[in-house]
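Asker: This is the structure I want to talk about, given as structure tokens.
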Amino acid sequence: VMQSGNIMTVYGGQSTGLVLTNNILKHNSYGIIGQNQAPGSGTINTFFPGADIRRNVMVKADPHDYPSDNFFPTSLDQVIFNSPSADDYSLASVSPYKGQSTDSKDVGFDPTALKTASSSPSPSPSPTPTATPTPTPSITPTPTVTPTPTPTATPTPTPRPALTSPALVASALVSVSTIAANVDISAAQLAPVVANIEQAYAAFVSESSNFASADQIDRGLRIALYFARASYALCGTSVKVQSRLQITASRLSQVNNLMLSGSSSNVMLADDSAHAVSSASTTPIIGAADTRSSASFAPALAPASLATILGDPNQSPLSMQTSGATNIVNGNLPYELAGVSVTVGGRAAQVLSVSPARINFLVPAGLPAGDAEVLVTLQEGYVSRGTVTVAPIAPGIFTTSGNGMGAAVALDSITLKAGQFEVTEVATASQDKRTRLSIFTTGLSSGVVNTNTSNDLMVLGVPILNLAESVRVEARTSDGRLFNLAVEYAGKQSSSPGLDQVNIVLPSELKGAGAVELTVIAGTSRSNTATVNIK
């Protein structure tokens, strides 16, 4: 399994005869990339004409960019290895890629063949006996025959190659419909179904020019794929995925009918009475999921941080109602709220609030760095999709405007009041009269390293990591002066999942400064700029 770096970086001239088959590869940022060429087909066509690239599992690759006879899971978890923690990267029995190589073996390496090759000595070759030459026989001349003229044949049209995508769609429809008949569905059952739909979509992309209703088929297939992926990610949570699989089956049925009829007119969905498709239009629509940090509004998220999705309710609503999570059970929020679920990078996300134009959610912990697919799926049949960059640390300061600009959400740490702040604190019995402010952030605590355990806290018997030694706060005045403020605490705000808190000390030099711009810094990552007003 290629874990890091591009699959292939190419320079120089053309090369023929490239064979790349039966591998498990992480696409990462550029996959197969050549000098002055786009990743994928642009590079392949320029540098490797006639290349044989088949039956590879290309994790996070775009199916549009590579030959159709490959597989395109959205995360490495969907490959399903036996025991990666023990360096066993052979495929598990439930992996959708078992028996899918060009020789009907498992995609990836063959552990049995590897063990045999590394342990068996090479036998000494047997000497080749010297052959006795056979005498050359005399040849009797063959008399010359006058050829009979061949009549000119009427040219016939070259037959169009048979299409593979309709059969793959039909097969995927059968498998989804079978599983959707059950209430309790496991990820192991769904993994091969997702792989089948991915394969069907990849085949359709290469054959799309043969269909009059190609655009409608494309969107219908992608909706089916997105609902299948969301169902897979939600397995193992409290969410029942049956309704989402019914939507998947309905969209595949619509696509199947369009492929067979060749018409772009509206086609009756299978199981039209199902509530899963009662609200969504029969015309396939995929909304945009513009995903950002809830604090900074930057398009970068840290694992276990708070994030926001913005959508267009006129095109595809993110929710059919406005609702907020009212219960946090054992520190967890619901994975479905008002029929709405969110997945990021193939992982289910806990949801804080939903409305037709906006969703607030908790980014799943443990997400790898890189671009991740974001899916919003509704039980009413709507879907929105986007991508977002995941970074280990993505600090953001919450602002009162709610869009990452303007006044910071900040409180006096003693009085818990907002507004203009003095540089000295009269409401404290401490001899240190400097004012402490609490500013509220996200994107810090999951990625910052705790290098000094001596300043950690214990609250009601629960240890709280203090990451102050790894976090800086800059303060810039309107006249250009720059201060590095003392940070006494940086870490989780224990009452709310995903919320961080940074406590800073105001120096006397800021007295009368007015609007002061604050920036939180962790390593090389900087937050948005937010202001506090100092008397």
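Asker: For the range 1-105, what % of the accessible area comes from carbon and sulfur atoms, probe 1.4 Å?
Answerer: 44
Asker: Round to the nearest 10 and report in Å² the accessible area of Met405, as given by a 1.4 Å probe over the protein chains' heavy atoms.
Answerer: Per-residue accessible area (Met405): approximately 130 Å².
Asker: Same structure again: Starting from the Cα of Lys98, draw a straight line to each of the aspartates and glutamates and keep only those under 13 Å, dropping any in the same chain fewer than 8 residues away.
Answerer: Asp106, Asp110
Asker: For Ser478, Ser527, what's the largest-to-smallest order of accessible area, 1.4 Å probe?
Answerer: The ranking, largest first, comes out as Ser478, Ser527.
Asker: Here's a follow-up. Between helix 165-180 and the chain, what is the angle of the helix's C-alpha long axis to the longest principal axis, kept within 0 to 90° and rounded to the nearest 10?
Answerer: 50
Asker: Next question. What spacing in nm lies between the two simple spin-label points modelled at Thr424 and Ser186, each 7 Å away from Cα in the Cβ direction?
Answerer: 6.9
Asker: Once every DSSP H run of n ≥ 4 in the chain is given -39500 (n - 2.57) and the sum is divided by its residues, what mean residue ellipticity at 222 nm do you get, rounded to the nearest 500 deg cm²/dmol?
Answerer: -6000 deg cm²/dmol
Asker: To continue, here is another question. Please work out the FRET efficiency for the pair Lys511 and Val19, using the Cβ-Cβ distance as r and a Förster radius of 60 Å; give the result to the nearest 0.05.
Answerer: My answer for the efficiency is 0.25.
Asker: Work out, step by step, the length gained on full extension between Leu260 and Asn82: first 0.36 nm times the residue separation, then minus their alpha carbon distance; give nm to one decimal.
Answerer: That pair, Leu260 and Asn82, stretches by 60.1 nm at full extension.
Asker: Using a 1.4 Å probe on the protein chains only, how many percent of the accessible area of the range 289-415 belongs to carbon and sulfur?
Answerer: The nonpolar share, carbon plus sulfur, comes to 52 percent.
Asker: Hey, could you pull the Cα Rg and Dmax for the range 1-110, both in Å?
Answerer: Reported Rg and Dmax, both Å: 14.1, 42.
Asker: Averaged per residue, what accessible area in Å² does the chain show with a 1.4 Å probe, protein chains only?
Answerer: 49
Asker: Along each of the three principal axes of the Cα atoms of the range 411-535, give the extent in whole Å, ordering the values from largest to smallest.
Answerer: Result for the range 411-535: principal-axis Cα extents of 39, 36, 24 Å.
Asker: How compact and how long is the chain, expressed as Rg and Dmax of its alpha-carbon atoms in Å?
Answerer: 30.6, 124
Asker: A further question follows. Calculate the length of the line joining the C-alpha centroid of the range 162-241 to that of the range 1-71, in whole Å.
Answerer: Using only Cα atoms to place each centre, the spacing works out to 24 Å.
Asker: Additional query: Based on the Cβ-Cβ distance of Lys115 and Asp52, what FRET efficiency does E = 1/(1 + (r/R0)^6) give at R0 = 35 Å, to the nearest 0.05?
Answerer: Computed FRET efficiency for Lys115 and Asp52: 0.80.
The values are calculated or read from the model by the stated rules, or taken from the named source; none is laboratory data. Here the structure is a predicted model, which means the values were calculated and not measured. No Cβ is skipped: glycine too gets one built from the backbone with ideal geometry, and neighbour counts run over all protein chains shown. Areas reflect the complete protein model, heavy atoms only, side chains present, ligands, DNA and RNA absent. Shrake-Rupley method; radii C 1.70, N 1.55, O 1.52, S 1.80 Å.
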